[in-house]
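Inspection log for the structure reproduced underneath, given as structure tokens.
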Amino acid sequence: MGYITQVDVRTRTVDRFGGIATPELLRELLEMAPSIRTRMEGRVNWHVNTTAVGGGVAEMLRQHVAYGRGGGIDVRWVVISGGPEFFRITKRLHHALHGAEGDGSPLGERERGVYEETLRQNAVELATRVRPRDIVLLHDPQTAGLAPHLLRSGALVLWRCHIGSDESNAETERGWQFLRPYLGDVPALIFTRKSYVPDFVEADRVAIIAPSIDAFSPKNWELDESAIRTVLVHTGLVEGPLPSDASYVFQRTDGTPGRIERQADVFRLGRPPSWDTPLVTQVSRWDPLKDPIGVMRGFARLVDGRETARAELVLAGPNVSGVADDPEGAEVFEQVVSAWRELPHSVRGRVHLATLPTADVEENAIIVNALQRHSKVIVQKSLKEGFGLTVTEGMWKGRPVVASGVGGIQDQIEDGKSGILLQDPTDAEEFAAALRRLLDDPDYAEQLGVAARERAVELYLDTRHLVLLGNLIEKIDI
Ligand code: UDP
């Protein structure tokens, strides 16, 4: 015993979306609630994953479980556990489904043995809680191997895969080959995009549901101009003076008070950008697939020879100094700094490499929130992307977004209408031209930002997400 942990989640009701979400969607959600409650009577809707904190899936689950409970459904969330070898194997599997080889290790019979044994132990314990007719939603490759055990005990099992790759290759094949034996009898499989569905899954078992952002979280809640300025000046991302003496004080999601205290660690020449300087910003982990160096080089073309262009670039990501658990991030950041040193002096003076404090997750989120809201243009020039939450976050904040037409970004932005999609993410000139267009034409930029906000409200808030999950529960045979 002791393999699984139930996560405590507070209750929320969807009423708080009044005035925020699309009224029709909110109505639809409220109208479907009684029939879902009836269907779920006497049953528990379980969510199972491998972590209660950190990462987008855990954040999303926290919201959905809270709204489900607030809607009168017995929704519970449990986290399973495993040893280091299990997590090494599932990380390898995660890379494979992205089409990457990760540490290049095999996914053979020995690995299958470790995977199955770990999940068997978790399943034994889960079986003491899950009853026949309960609905169990398993999340991601780590939990897929639970499906046969739970199905045998009479539960209704669904599996959701939050990752995927547009193109298949030897690695995606390897990953799906590993998972396939566990998924054969699962009646519904949920994917983020159609192109992420592996060949062996029949269309009638597939549901497509995109992720959503939490409009009420520190990352996305409203900030007025004074708050934005206070946060950015305080953290050193924008030059002072502070609009008032006060620091930014906030209420944490657990109800306790918080305050912005830490500063960003920034590589720059000279001073921070002034409050009036138009900022072009990319927020992302320090990962080659986010192409931070390509962003700088594209920006350099924009600046090149144009004394009048006043824009400055901020590349922001998590703090990497001394973080032992992300050696790759630290290495990539070093490479970005080296590339920055090679930029012509005139360009380098306008590029700020900011590593943001991460010790306090909510403080970090508020800094990202303020930076996104203050930016004239948000960019996400990824070479590959699963979904691209930074794009959603920028759209929700009414910012014009320039992003690569890859992965889920293609679903989010309608090119020229709710943002600009880059046809070729490696084309620095195309990128520079898109930035130029938005910076030179504020009306156009504004128009894209307004449409982006509308699209995010319509498609990427929890309201939409809950309606789609509700539809699925109504549709499946239970
Ligand atoms: N993020 C953050 N602080 C940082 C860098 C990134 O909070 O310093 C967040 C960002 O706001 C977004 C998430 O990390 O919510 C990244 O999600 P995305 O889907 O864009 O990319 P991933 O990192 O999952 O590849």
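Results, tabulated for the structure shown:
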quantity: Segment 357-395, residues that are away from the ligand (no atom under 11 Å from the Cβ) and part of a helix (DSSP H, G or I); calculated: Ala370, Arg373, His374, Met395
quantity: Any chance Val44 is among the β-branched types (Val, Ile, Thr), out of contact with any Ser or Thr (no Cβ under 6 Å at 6 or more places or on another chain) and at pLDDT below 95; calculated: no
quantity: Complete set of residues in segment 252-268 that are surrounded by 12 or more Cβ atoms within 10 Å (Cβ to Cβ) and either in a loop (DSSP other than H, G, I, E, B) or away from the ligand (no atom under 16 Å from the Cβ) (or both); calculated: Arg252, Thr253, Arg259, Ile260, Glu261, Arg262, Gln263, Ala264, Arg268
quantity: Given (1) assigned to a strand (DSSP E or B); (2) among the β-branched types (Val, Ile, Thr); (3) in contact with a helix residue (DSSP H, G or I) (Cβ under 7 Å, 6 or more places away or on another chain), number of the condition Ile293 does not satisfy; calculated: (1)
quantity: Only one of Ile409, Ile420 that is of a type outside the set (Gly, Ala, Ser) and closer than 13 Å to Val377 by Cβ; calculated: Ile420
quantity: Residues satisfying the stated conditions in segment 32-51, i.e. over 16 Å from Pro141 (Cα atoms) and either within 16 Å of the ligand (Cβ to nearest atom) or touching a residue at least 24 places away in the same chain (Cβ under 8 Å) (or both); calculated: Met32, Ala33, Ser35, Ile36, Arg37, Arg39, Met40, Gly42, Arg43, Val44, Asn45, Trp46
quantity: Residue in segment 108-129 that is modelled with pLDDT under 95 and open to solvent by less than 30 Å² (accessible area, probe 1.4 Å) present; calculated: no
quantity: Selection count, segment 338-356, where residues are farther than 26 Å from Gly407 by Cβ and within 16 Å of the ligand (Cβ to nearest atom); calculated: 1
quantity: Qualifying residue in segment 368-386 (condition: touching a Ser or Thr at 6+ places or on another chain (Cβ under 9 Å) and acidic (Asp, Glu)); calculated: yes
quantity: Qualifying residue in segment 323-343 (condition: in contact with a His (Cβ under 9 Å, 6 or more places away or on another chain) and either of a type in the set (A, V, I, L, M, F, W, C) or at pLDDT 95 or above (or both)); calculated: no
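The values are calculated or read from the model by the stated rules, or taken from the named source; none is laboratory data. These numbers come from a predicted model, not from an experiment. Cβ coordinates were reconstructed from backbone atoms using ideal geometry, including for glycine residues, and neighbour counts include every protein chain displayed. For the accessible areas, the whole protein counts, side chains as well, though only heavy atoms, and no ligand, DNA or RNA atoms are used. Shrake-Rupley method; radii C 1.70, N 1.55, O 1.52, S 1.80 Å.
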